[in-house]
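Below is one structure, written out as structure tokens; the observations come after it.
The values are calculated or read from the model by the stated rules, or taken from the named source; none is laboratory data. Everything quoted here is computed from the prediction, not taken from an experiment. Cβ placement follows ideal geometry from the backbone for every residue including glycine, while neighbour counts extend to all protein chains displayed. Calculation scope for accessible area: heavy atoms of the full protein, side chains included, ligands and nucleic acids excluded. Shrake-Rupley method; radii C 1.70, N 1.55, O 1.52, S 1.80 Å.
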Amino acid sequence: MYFTKQLFFVLTAATCCLRSAAQKHPAVLQVQWNKTTGTSKTISTLQVVENPMVRPGSPIHRQTFNALKDLGADFVRYVPWFPYPKMAVAELKPPTKEHTFWDFTYLDSTMEAIMSATEGHSVVINFSTTPAWMWKTEKPVVYPENPYQVFWDYNQGQTLRDSSGQEIADYYVRLFSWYTKGGFTDELGKFHQSTHFYKIPYWEVLNEPDLEHHISPELYTRIYDKIVSALKKIAPDTRFIGLSLAHVSNPAYFEYFLNPANHQYGVIPEGISYHHYSTPSFPDQDVNSYQYPFFEKADAFLDKVRYIENIRKRLAPQVFTTINEIGSILRSPQITQPIPAAYWNLSGALYAYLFLNLTKTGIDVAGESQLVGYPTQFPDVSMMNWQTGNPNARYWVLKLIHDHLGKGDQLVATSFMPRQPDGIVAQAYQTSKGRRILLINTRAAETMLELPDTAKYRAIYTVDMHTGDNPPSEKKLNNTQITLTPFAVSIIQAD
């Protein structure tokens, strides 16, 4: 016991001495501006999920869509989803011999706001929730009449009542036509006119089928083929994205879906998508401990990404990949406890970390999730402060990356001397706007760095706990020594 205590004090003293020495002699960043290590093809973006807080009448509706417009991102993903059936499903009741029940009252308003805020940019639309009556269930699914009342049990059934998939394909043809063709003809031959003629460049087929209805790879591929072959007839220029998996633990989804032999004639997979959320190790873990499981789980996910990329390149090299839900989740969607302020910066640093590593892996799109959450609706995933309507640190990290880095940037050789500081990640770029250096502090500790003397530095833009819900700070650099505060994300502008 005496020896153990003595060893503890010796190690503690040694650690303190090392930290002190590191501050006196900070690590020096090394950049070889003439040595390219890769070219980015990764687009930074986000997803918007339909819920009452994004709708007209919400106290933060205007600020939310202003933030979306100001971002100016491509590949913005919009998902009306099942907890709010009246906001997500256009035909909530099956047609009879006398009537159909098409109703876009609650679908149109947010769709219109999305298309307006993203004008001039590409979107990925995913009306992911299928009518419950199209699935075999023990009894009809009864949904709330109040469109704003949450209902988590809408997605019932695992077997389609029309096993061919034609009924579900017809539903999506009519829904798609409502938004792109000015209307559609229903099951009884009646024409329903709309005023919409949107251009939808990307359409994603269903969302998280491994969770929603627990759809097998074989059934999902059959449904995908039916929907895509039908939509291609009226939208030949639209590109389609498949899978949209919640988990990537089962490679059978990728092996089956990406194999051309498993698709009907004329259907060629064009894009795939899947998701990642880092989580604490256990409920009520302290915020200062999140830094370890969050990034460990991110690294484990990146190993899966590389594995999936090998499957894609082997079976369908023409397919692009969008990882369109990236974030962190603390607890269940019903969380109502206060979230520590540092969490938003940590989660922002996590996105920056994954964006950088997905760029190195050659992923096409990295989409942060999601624009608006709030208590009972995954508040820990929000990029907006639902109380003030101001974007939070997660949004500002995305915008910082989007404004400075993008597709076509040249990654150049970047390292540290004498060693990489704990938790500090750096990458230098040659961009069309000039030289940039991305710095990410993945730890709850302040770290000092020395910049290389191979460039002239103009400014450093930073999102950290000092900036809060405000835009990134901007500081002129008068010397080569900088300090990264806990969970800071910075971009240095250099000549």
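Worth pointing out:
- Count - residues of segment 249-299 that are hydrophobic (A, V, I, L, M, F, W, C) and open to solvent by less than 20 Å² (accessible area, probe 1.4 Å): 8
- Every listed requirement among (1) assigned to a loop (DSSP other than H, G, I, E, B); (2) surrounded by fewer than 20 Cβ atoms within 10 Å (Cβ to Cβ); (3) not charged (D, E, K, R) is met by H402 save one, (1).
- Candidate set: segment 57-73, residues that are in contact (Cβ under 8 Å) with a residue 24 or more places away in the chain and part of a loop (DSSP other than H, G, I, E, B); chosen: the one nearest to the chain's Cα centre (by Cα): A73
- The C-beta contact set for segment 191-207 (first residue over 19 Å from D108 (Cβ atoms), second residue open to solvent by 10 Å² or more (accessible area, probe 1.4 Å), distance under 6 angstrom, 6+ apart or interchain) comprises P201/S122; Y202/R239.
- One residue alone among S369, S382 is among the hydroxyl-bearing types (S, T, Y), touching a residue at least 40 places away in the same chain (Cβ under 8 Å) and closer than 30 Å to R55 by Cα, and that residue is S369.
- Consider segment 108-128 and keep the residues that are in a loop (DSSP other than H, G, I, E, B) and without any contact (Cβ under 8 Å) to a residue 60 or more places away in the chain. The one that is surrounded by the fewest Cβ atoms within 10 Å (Cβ to Cβ) is G120.
- Residue match in segment 410-420 (condition: within 20 Å of L356 (Cβ to Cβ), surrounded by fewer than 21 Cβ atoms within 10 Å (Cβ to Cβ) and at pLDDT below 95): yes
- Meets criteria (modelled with pLDDT of 95 or more, among the hydroxyl-bearing types (S, T, Y), on the phi < 0 side of the Ramachandran plot and touching a Pro at 6+ places or on another chain (Cβ under 9 Å)) for Y202: no
- Answer from S58, S44 - the residue that is open to solvent by less than 10 Å² (accessible area, probe 1.4 Å) and not acidic (D, E): S44
- Comparison of Q427, Q493 shows that the only residue that is modelled with pLDDT of 95 or more, closer than 18 Å to L356 by Cα and touching a helix residue (DSSP H, G or I) at 6+ places or on another chain (Cβ under 7 Å) is Q427.
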